[in-house]
Amino acid sequence: MSDCCSGGSKRETGVTPGPFEWFSDMIDHCLDYATKAKKSGRPIVCIMCEYTPRELILAAGGVPICLCGGSAETIPAAEKHLPANLCPLIKSTFGYHVGADNPFLEMADLVVGETTCDGKKKMFELMGQTRPMYVLQLPQKSLDSESLGFWTRELQKFRSYLSTRFGVPVGDDALREAIGLMNRERALRRELAALMSSSRPPLTGLELLELKSTISAIPEDLDQYARTLAILSGLSGDEELASRVRVLMTGVPMVHGAERVLEIVENSGGLVVAQENCTGLKPLLEDVDPSASDPIQALAEKYYHLPCSVMTPNDGRLDTLRHLVEEYRPDCVIDLVWQACLTYDVESARVQRLADEELSIPYLRIETDYSPSDSVRIGVRVEALFETIRGNRRS
């Protein structure tokens, strides 16, 4: 990371902090923003998935906040109500619910779920017993035109619900304004991710992952994204980065607090140059048409194209991996699967076959949860993969 990206605390010095310092305090900034928005009368809406269009929430005057839990500490409380052999992301999120210790959730006027995996659906039932809950029904046949039509109608229903619940019109003009805002955020984050295509990127994969926010479209965040690009564009990183093993990470999202595997990869001599997952490039690759005559239809088309493993068939994920391999030139693919995430677990076979037979690059599947108990074992496997790759380079 460039020294020019650091700086003193704004609260202590009156000087605007550097981008990396700004995002290192991301939770504090988001909490300040949400608290002020709540006091001003804006509804707080917590979401759990990239399929929920933030544009609709913004157009209704709401503040869209990612609720996905990344803490292992909240899981024991959740396991009093949920099976132990359930996805850690679901358990961590529900643990915050039963412990009432997530300030964003506690101030939420609405929680929006979606029918992606069965674990989430049943967790939403429990959470909805005591919290305001709206569940979007996501059809999962990716190539079916009728499914897209159903999804479009589902977003129309959601639009009407938000308008009624919060007592505001959610008109086309407001939607187009929100679309423009989210398109700008996606474009800035795409440009930041594109810096990793260099043979000597000016930042690491972990630093890139940290350049994100729990709340979408905060003006100060957008300014900091632009500032980061102005600082880093055209710069080269340390020479040592060029000798690292370039890694494309795919699979489950690495939400805030659950970055452990990425840290192991980079501490073992890797450089994660592309992150295909939901906390990486997947939701950024396609924008919403701002000039579409029907903004709801445009939103439906963008979000239904997300290549999540809940979709069948999920050919879009393989197409995305092909594109990322060409653009970012990784030496290997590391596929991260949270324990009990059945859809990503089953799909690993297709990803490995793509890596082995078509892309001709090494593949490693890592299945884990939020506990650090297997960190040494994961590190050994990653180091063995990297040593094989370095041996092939020498030969």
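Any read-out appearing in this document is the output of simple, stated calculations on the displayed coordinates, not a laboratory observation. These numbers were taken from a predicted model, which means no experiment stands behind them. Counting neighbours? That spans all protein chains shown, and the Cβs are built from the backbone with ideal geometry, glycine included.
At a Förster distance of 51 Å, what's the computed FRET efficiency of R390 paired with T164, Cβ-Cβ distance as r, to 0.05? Present the calculation step by step, with values, prior to reporting the outcome.
Working: r = 60 Å, r/R0 = 1.18.
Once rounded, the FRET efficiency stands at 0.25.
Which whole-number percent is the relative contact order of the stretch 171-303 (Cα, under 8 Å, 6+ apart)?
On the way: 140 pairs, mean separation 42.4, N = 133.
Contact order relative to length: 32 percent.
In vacuum, with every alpha carbon of the stretch 90-184 counted as one equal point scatterer, what does the Debye formula give for log10 I(q)/I(0) at q = 0.12 Å⁻¹? Two decimals, please.
For the requested q values the scattering log ratios are -0.51.
Using the 10 angstrom Cβ neighbour count as an exposure proxy, how do E207, E326 rank, fewest first? Intermediate values should be presented prior to the final figure.
Working: E207 20, E326 10.
Ascending number of Cβ neighbours within 10 Å: E326, E207.
Got the relative contact order for the chain handy, in percent, Cα pairs under 8 Å and 6 or more residues apart?
Values: 621 pairs, mean separation 71.4, N = 395.
Computed over the chain, the figure is 18 percent.
Per residue of the stretch 45-59, what does 6.51 cos²θ - 1.76 cosθ + 1.60 with θ = phi - 60° give for ³J(HN,Hα)? Whole Hz please, x for Gly and Pro, Karplus curve as stated.
10, 8, 10, 10, 7, 5, 6, 7, x, 4, 4, 5, 5, 4, 5
Based on the Cβ-Cβ distance from Q156 to E21, what FRET efficiency comes out when R0 is 35 Å, to the nearest 0.05?
Working: r = 42 Å, r/R0 = 1.21.
The calculated FRET efficiency here is 0.25.
Skipping prolines and chain starts, which residues have an amide H placed within reach, meaning under 5 Å, of the one on Y363, given they are 5 or more residues away or on another chain?
V333
I'd like the FRET efficiency for A100 and V135, computed as 1/(1 + (r/R0)^6) with the beta carbon distance as r and R0 of 22 Å, rounded to 0.05. Write out the running numbers ahead of the final one.
Numbers: r = 21 Å, r/R0 = 0.98.
Here the calculated transfer efficiency is 0.55.
Report the charge-dipole magnitude of the stretch 3-173 in Debye, nearest 20, computed about the Cα centre from +1 at each Lys and Arg Cβ and -1 at each Asp and Glu Cβ.
On the way: 18 positive and 21 negative charges, 114 e Å.
Computed charge dipole of the stretch 3-173: roughly 540 debye.
With the contact rule set at Cα under 8 Å and sequence spacing of 6 or more, what percent relative contact order holds for the stretch 3-173?
Values: 222 pairs, mean separation 30.5, N = 171.
Relative CO of the stretch 3-173 lands at 18 percent.
Taking the alpha-carbon centroid of each part, what is the distance from the stretch 335-349 to the stretch 252-313 in angstrom?
16
Of the listed pairs K91/K141; K80/K157; K121/K157, which have alpha-carbon separations greater than 29 Å here? Kindly include the intermediate steps, with their values, before the conclusion.
On the way: K91/K141 27 Å; K80/K157 35 Å; K121/K157 19 Å.
Table pairs above 29 Å Cα-Cα are K80/K157.
Ranked by Cβ crowding within 10 angstrom, fewest neighbours first, how are S71, S145, S375, S395 ordered?
Values: S71 18, S145 8, S375 15, S395 5.
In order of increasing Cβ crowding within 10 Å: S395, S145, S375, S71.
So, with +1 on the Cβ of K and R and -1 on the Cβ of D and E, and no other charges, what is the size of the charge dipole of the chain about its Cα centre, to the nearest 20 debye? Mind showing how you got there, number by number?
Details: 42 positive and 57 negative charges, 112 e Å.
Using only the charged Cβ atoms, the result is roughly 540 debye.
Can you give the extra length, in nm with one decimal, that the chain gains between E210 and S371 once fully stretched, where that is 0.36 nm per residue apart less the Cα-Cα distance? Walk me through the intermediate numbers first.
On the way: separation 161, 0.36 × 161 = 57.96 nm, distance 2.04 nm.
Residue separation times 0.36 nm, minus the Cα-Cα distance, leaves 55.9 nm.
Can you compute the charge dipole magnitude of the stretch 301-395 about its Cα centre, using +1 on each Lys and Arg Cβ and -1 on each Asp and Glu Cβ, nothing else charged? Give it in debye, rounded to the nearest 20.
Values: 12 positive and 17 negative charges, 60 e Å.
Rounded to the nearest 20 debye, it is 280 debye.
What's log10 of I(q)/I(0) for the chain at q = 0.10, 0.13, 0.14 Å⁻¹, Debye sum over Cα points only, no solvent?
These q points yield log10 I(q)/I(0) values of -0.67, -1.18, -1.38.
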